[in-house]
Amino acid sequence: MDHSRYQSPFSVRYATKEMQAVFSDDFKFRTWRRLWLALARAEQRQGLPVTDAQLAELAAHLDDVNYAEAEAREKECRHDVMAHLHAYGLQCPAARGILHWGATSCYVGDNTDVIQMRTALGIVHRKILGVIARLADFAARWKSLPALAYTHLQPAQLTTVGKRATLWLNDFVLDLEEVARRRDALALLGSKGTTGTQASFLELFGGDGAKIDAMEADIAREMGFDKVVPVSGQTYTRKVDYLVLTALSSLAQSAAKFACDMRILASNKEMEEPFETKQVGSSAMPYKRNPMRSERIDAIARFLCCDVLNAAWTASTQMFERTLDDSANRRIAVAEAFLAADGILNLLLDVTAGLVVYPEVIRKRVMAELPFMATENVLMDAVARGGDRQALHEKLRVHAQAAAKRVKEEGAENDLLDRIASDPAFGVDRDRLAAVLAPENYTGRAAEQTEKYLAETVRPLLAANPAADESAELAV
């Protein structure tokens, strides 16, 4: 590593080699060459004078990109496509004359962008499935463990640990569907020419539009697509980038919500992310077990949620058939959105594979709040034994407020149950109250809902996508 120059954290810390490879020079320029070969083959099929020998020469040099020649040429002409055409032509002198025939720079540039996004979305899709698989196992294991549920970040009722996990799961299931939708909707730009009218190809084929359509279909098939965009200017609409990055932003939102919940749970000592034996939580406080992975998820997610605005501004400021103010922005924004998504998913796969639950702490916190939540049940039990509902309701209100004051102002234990048991109006002792206050009686359909969601939504989804259990290559 060169320590004298800036290195992107995505390259050295967060994103995997797999995702970085998709946005590497090798992927980009080798794809350019495949597109040039596909164009030449399609043009030959439609009757243009392209020889088999020329095609063979182009095919022989798809992967041995002569970077030095391309870089030297770009310094002179300040145009990357022309520079690589020159370099490819040096290796393929017989085919040089038919390279890029009728095309404009966006033929290789935009089509490669689409191929990169589709490949990267496939990686994202696979890793989201991995996260879903891990959370599904977690939800199934803890489907019945009562835990505090919150509204306004205040204890409200009880849920279960597993049911809460289904809330995280459902967000990621929605993200998976959106990523798949965006991946499957991608189409090649095809060969549209300088302003999208295909005028240059119309001249090449003597005014025969059917041959142009056949040429585009051939190129699409060779590059693994079943369609090209129906209309365009010189570029495909930049709304495509926005829609793709929106799907990645949605993933970031789900990840950030999960990680934020985990950070609060860790603060309450109810749950933790994995913590290695020799991991250091703080340079000053040796006892700390900071939720560093969850914090990092939130940090990168914030970047990704903001990055989608780049695509929005680019799409909204493309004037007429194209302008070039998109190029420099997209080189950064699109690639780094995927690298950020990859980094987030690597962390999610790591965290969800080793979530730690502390049942006794969870129960202690439940029992500290449950007396307040159970007052309605206590009231109904007393009324069923002949008590006056209105009078008992007022007594419960007074007892509850007194107990809450004791907890908040004196730091003492919640003594609401003792107050109720000592009040003859309720006619109940601590043993009967204990039976009324079993936490499992207050989780509603949480366990049932968890089972149903896993059985009807998650397990079929995982069964249809067997790659879900594939382990991720984790970054630093």
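Quickly run through the stretch 423-446 and pick out the residues that are of a type in the set (D, E, K, R) and assigned to a loop (DSSP other than H, G, I, E, B).
First, the residues of the stretch 423-446 that are of a type in the set (D, E, K, R): 423, 429-432, 440, 445.
The answer is 423, 429, 445.
What number of residues within the stretch 17-34 satisfy the criterion of being aliphatic (A, V, I, L, M) and buried (at least 20 other Cβ atoms within 10 Å of the Cβ)? Residues flagged as aliphatic (A, V, I, L, M) and buried (at least 20 other Cβ atoms within 10 Å of the Cβ) within the stretch 17-34 amount to 2.
Working carefully through the options 220, 247, find the one that is within 30 Å of residue 59 (Cα to Cα) and part of a helix (DSSP H, G or I). Steps first, please.
Values: 247 fails: within 30 Å of residue 59 (Cα to Cα).
None of the others qualify; the one that does is 220.
Looking only at residues that are hydrophobic (A, V, I, L, M, F, W, C) and modelled with pLDDT under 95 in the stretch 278-301, which one is nearest to the chain's Cα centre (by Cα)? Working first, answer last.
If we filter the stretch 278-301 for residues that are hydrophobic (A, V, I, L, M, F, W, C), which is where we start, we get 280, 284-285, 292, 297, 299-301.
From what is left, the residues that are modelled with pLDDT under 95 are 280, 284-285, 292.
Details: 280: 28, 284: 34, 285: 33, 292: 19 Å.
Looking at residues that are hydrophobic (A, V, I, L, M, F, W, C) and modelled with pLDDT under 95, I get 292.
Keeping to the stretch 18-35, report how many residues are free of Cβ contacts under 8 Å to residues at least 40 places away in the same chain and assigned to a helix (DSSP H, G or I). Qualifying residue count, the stretch 18-35: 3.
Within the stretch 154-161, one or more residues are assigned by TED's automatic domain parsing to the domain that holds residue 241 and part of a helix (DSSP H, G or I). Counting the residues of the stretch 323-359 that are surrounded by 24 or more Cβ atoms within 10 Å (Cβ to Cβ), among the polar types (S, T, N, Q) and over 24 Å from residue 165 (Cα atoms) gives 0. For the stretch 371-404, a tally of residues being of a type in the set (D, E, K, R), surrounded by 15 or more Cβ atoms within 10 Å (Cβ to Cβ) and modelled with pLDDT of 85 or more returns 1.
Report yes if residue 151 is more than 30 Å from residue 117 (Cα to Cα), of a type in the set (Val, Ile, Thr) and in contact (Cβ under 8 Å) with a residue 12 or more places away in the chain, otherwise no.
On the way: more than 30 Å from residue 117 (Cα to Cα): yes; of a type in the set (Val, Ile, Thr): yes; in contact (Cβ under 8 Å) with a residue 12 or more places away in the chain: no.
Considered against the rule, which asks whether it is more than 30 Å from residue 117 (Cα to Cα), of a type in the set (Val, Ile, Thr) and in contact (Cβ under 8 Å) with a residue 12 or more places away in the chain, residue 151 comes out as no.
Being in a helix (DSSP H, G or I), over 33 Å from the mean Cα position of the chain (by Cα) and either assigned by TED's automatic domain parsing to the domain that holds residue 349 or charged (D, E, K, R) (or both) is the requirement here; does residue 73 meet it? Before you say what the answer is, go through the steps one by one.
Values: in a helix (DSSP H, G or I): yes; over 33 Å from the mean Cα position of the chain (by Cα): yes; either assigned by TED's automatic domain parsing to the domain that holds residue 349 or charged (D, E, K, R) (or both): yes.
Yes: the conditions hold for residue 73.
Residue 293 fulfils the conditions (1) surrounded by fewer than 16 Cβ atoms within 10 Å (Cβ to Cβ); (2) in contact with a helix residue (DSSP H, G or I) (Cβ under 6 Å, 6 or more places away or on another chain) except for a single criterion, (1). Return a yes/no flag: does the stretch 183-190 have any residue that is buried (at least 22 other Cβ atoms within 10 Å of the Cβ) and part of a loop (DSSP other than H, G, I, E, B). Yes - at least one qualifying residue is present in the stretch 183-190. Does any residue of the stretch 94-116 turn out to be free of Cβ contacts under 8 Å to residues at least 40 places away in the same chain, within 24 Å of residue 333 (Cα to Cα) and outside any helix (DSSP H, G or I)? Checked against the condition, which is being free of Cβ contacts under 8 Å to residues at least 40 places away in the same chain, within 24 Å of residue 333 (Cα to Cα) and outside any helix (DSSP H, G or I), the stretch 94-116 yields no hits at all. Scanning the stretch 141-163 for residues that are among the charged types (D, E, K, R) and buried (at least 22 other Cβ atoms within 10 Å of the Cβ) turns up 143, 163.
Quick one: is residue 65 touching a residue at least 24 places away in the same chain (Cβ under 8 Å), part of a loop (DSSP other than H, G, I, E, B) and outside the structural domain of residue 125 (by TED's automatic domain parsing)? It is true that residue 65 is touching a residue at least 24 places away in the same chain (Cβ under 8 Å), part of a loop (DSSP other than H, G, I, E, B) and outside the structural domain of residue 125 (by TED's automatic domain parsing).
When the stretch 140-150 is filtered for residues that are outside any loop (DSSP other than H, G, I, E, B) and either of a type in the set (Lys, Arg) or over 19 Å from residue 269 (Cα atoms) (or both), the ones remaining, listed by number, are 140, 141.
When 149, 187, 156 are screened for being hydrophobic (A, V, I, L, M, F, W, C), out of contact with any Cys (no Cβ under 8 Å at 6 or more places or on another chain) and modelled with pLDDT under 95, only 156 passes.
The values are calculated or read from the model by the stated rules, or taken from the named source; none is laboratory data. These numbers were taken from a predicted model, which means no experiment stands behind them. For neighbour counting, all protein chains shown are included, and Cβ atoms are generated from backbone atoms with ideal geometry for every residue, glycine included.
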